[in-house]
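Below is one structure, written out as structure tokens, with a few remarks after it.
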Amino acid sequence: MSAARISQRISAIAESATLAVDAKAKALKAAGRPVIGFGAGEPDFPTPGYIVQAAIEAASQPKYHRYSPAGGLPELKQAIADKTFRDSGYKAEASQVLVTNGGKQAVYNTFATLLDPGDEVIVPTPFWTTYPEAIRLGGGVPVEVFAGPEQGYLVTVDQLEAALTERTKILLFVSPSNPTGAVYSPEQVKEIGQWAASKGLWVVTDEIYEHLTYDGVPFTSIATAVPELGDKVVILNGVAKTYAMTGWRVGWMIGPADVIKAATNLQSHATSNVSNIPQVAALAAVSGPLTAVDEMKVAFDRRRKAIVAGLNAIEGVDCPTPKGAFYVYADVRALLGKEFPSANGPARPATSAELAALILDEVEVAVVPGEAFGPSGYLRLSYALGDDDLATGVARLQDFLGKAK
């Protein structure tokens with residue numbers, strides 16, 4: 001009997017649906033097709049010049065041509081601690097910071113460090129596609145708690161309580177949310193955090209969209225709002241969204257010293273240090289002003305309003321107005337099972353995955369189906385793309401989806 005070529009552990013990982021959609025859209029674009037991509041959560045702005053310049057200067061310094069500490073450049077770790085206190089009021093020492101290869105490695109490191117086989121993690125749903133895969137790779141079990149558009153995609157303490165078992169170890173908390181753009185109010189954050197503290201749970205909070213909120217809605221860090229969590233909270237963050245640095249691959253985790261020490265040990269064997277040049281660029285970013293994100297927010301806010309209005313003009317589409325990040329999460333359940341014209345004859349998509357595939361094939365607009373983030377019946381669209389592309393893409397959707405019978 002021949003052994004399997006790929007391990008069960010790795011075979012069980014689902015491909016990143018967002019990256020798959022983005023890759024297909026870019027491949028079609030490269031082939032000359034006029035594809036509009038609403039798939040990837042990537043600002044269309046260049047990285048600010050002063051950050052790029054810091055990297056250019058670092059590249060010529062021999063000290064950055066060598067290995068550096070696996071946990072990150074000491075000056076960057078201190079700057080991240082300072083920036084966290086500045087932005088959310090959470091006090092941490094440099095020794096409580098681990099610099100990672102993008103936010104995804106911070107997610108993986110955290111779950112690999114905290115979870116034993118069978119430990120459960122409560123995952124408010126819709127969720128970012130990487131969370132459950134990282135939890136499973138860490139030996140844990142993701143427990144989905146779904147909040148639909150009827151409740152603004154925000155879970156309640158009652159729902160969390162219903163999901164609690166003796167195996168629950170961690171509550172994952174994300175606000176502002178990818179994929180929905182939902183933002184929990186300060187009161188909701190405090191209530192959920194106090195519930196987690198009363199149950200003795202760890203809270204892993206992803207704060208990468210902290211600076212992207214709209215309509216005067218504040219960002220509230222659960223770590224700051226609920227000091228009762230004590231040393232059972234881990235903060236995930238990075239420079240990708242705030243400074244338009246998705247390709248630079250610098251993220252971090254902040255947590256209790258023992259957790260950070262263990263996660264650093266893991267990273268020392270997995271990747272060692274993050275490339276020094278991006279670390280210096282990240283140092284310039286987190287030490288500098290928030291001017292770049294403030295400028296991006298003006299554009300994002302304009303696009304947010306345009307895409308919500310455009311999608312809600314389509315019969316059968318319900319698109320709540322997001323209060324954060326740069327995504328909309330449209331409810332398209334009313335369109336499923338309806339008939340659409342296609343090059344291959346009438347089509348009746350039964351799932352949002354089938355609908356997304358049909359949209360890409362017929363009108364060359366890339367969106368991510370709800371199956372990537374939880375239940376079927378929804379489409380995620382990122383509005384972090386140019387205004388002209390956004391208008392063209394929405395017009396195509398209006399024309400195509402408007403033909404449903």
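Assorted remarks:
- Given their separation in residues at 0.36 nm each and the Cα-Cα distance between them, LYS261 and GLU166 gain 31.5 nm when the chain is fully extended.
- Considering segment 120-173 at the alpha-carbon level, its Rg and Dmax are found to be 11.0, 33 Å.
- Taking the Cα centre of segment 233-321 as origin and assigning +1 to Lys and Arg Cβ atoms and -1 to Asp and Glu Cβ atoms, the resulting dipole is close to 140 debye.
- Here the relative contact order of the chain, from alpha carbon pairs under 8 Å that lie six or more residues apart, stands at 22 percent.
- Relative intensity, log₁₀ I(q)/I(0), of segment 1-132 from a Debye sum that treats every alpha carbon as a point, q = 0.14, 0.19 Å⁻¹: -1.10, -1.31
- Remark: segment 135-266 is approximated by an ellipsoid whose semi-axes, taken from the C-alpha gyration tensor as √(5λ), come to 22, 21, 15 Å, largest first.
- Dipole magnitude of the chain about its Cα centre (Cβ charges: Lys, Arg +1; Asp, Glu -1), debye to nearest 20: 840 debye
- Basic side chains Lys and Arg get +1 at the Cβ, acidic Asp and Glu get -1 at the Cβ, and with that the dipole of segment 94-167 about its Cα centre reaches some 360 debye.
- Distance between the modelled labels on ASP361 and ASP387, one decimal in nanometres: 3.6 nm (7 Å Cα→Cβ projection).
- Stokes-Einstein D in µm²/s, Kirkwood radius over Cα pairs - the chain at 25 °C with 0.890 mPa s viscosity: 112 µm²/s
- Within straight-line reach of LYS190, meaning a Cα separation under 14 Å, sit the following aspartates and glutamates at least 8 residues removed in sequence or on another chain: GLU228.
- Taking 0.36 nm per residue of separation and subtracting the current Cα-Cα distance, fully stretching the chain between SER275 and ARG302 would add 6.2 nm.
- In the full protein context, segment 165-272 carries 34 Å² of accessible surface per residue, based on a 1.4 Å probe and ignoring ligands, DNA and RNA.
- Surface accessible to a 1.4 Å probe, ASP331 within the full protein complex, Å²: 20 Å²
- Dipole axis of the chain (+1 Lys, Arg; -1 Asp, Glu on Cβ), positive-most option in MET253, ILE222, GLY310: MET253
- With a threshold of 28 Å on the Cα-Cα distance, the over-threshold entries among LYS26/LYS405; LYS91/LYS261; LYS83/LYS323; LYS323/LYS405; LYS26/LYS297; LYS232/LYS305 are LYS26/LYS405; LYS323/LYS405; LYS232/LYS305.
- The lysines within cross-link reach of LYS104, meaning a Cα-to-Cα straight distance under 17 Å and a gap of 8 or more places when in the same chain, are LYS241.
- Ranking LEU266, LEU212, SER382 by Cα position along the charge dipole of the chain, where only Lys, Arg, Asp and Glu carry charges on their C-beta atoms, puts LEU266 farthest toward the positive end.
The values are calculated or read from the model by the stated rules, or taken from the named source; none is laboratory data. Source: prediction; values computed, not measured. A quick note on method: Cβ atoms are made from the backbone with ideal geometry, for glycine too, and the neighbour counts reach across all protein chains shown. Just the protein is used for accessible areas: all its heavy atoms, side chains included, with ligands, DNA and RNA removed. Shrake-Rupley method; radii C 1.70, N 1.55, O 1.52, S 1.80 Å.
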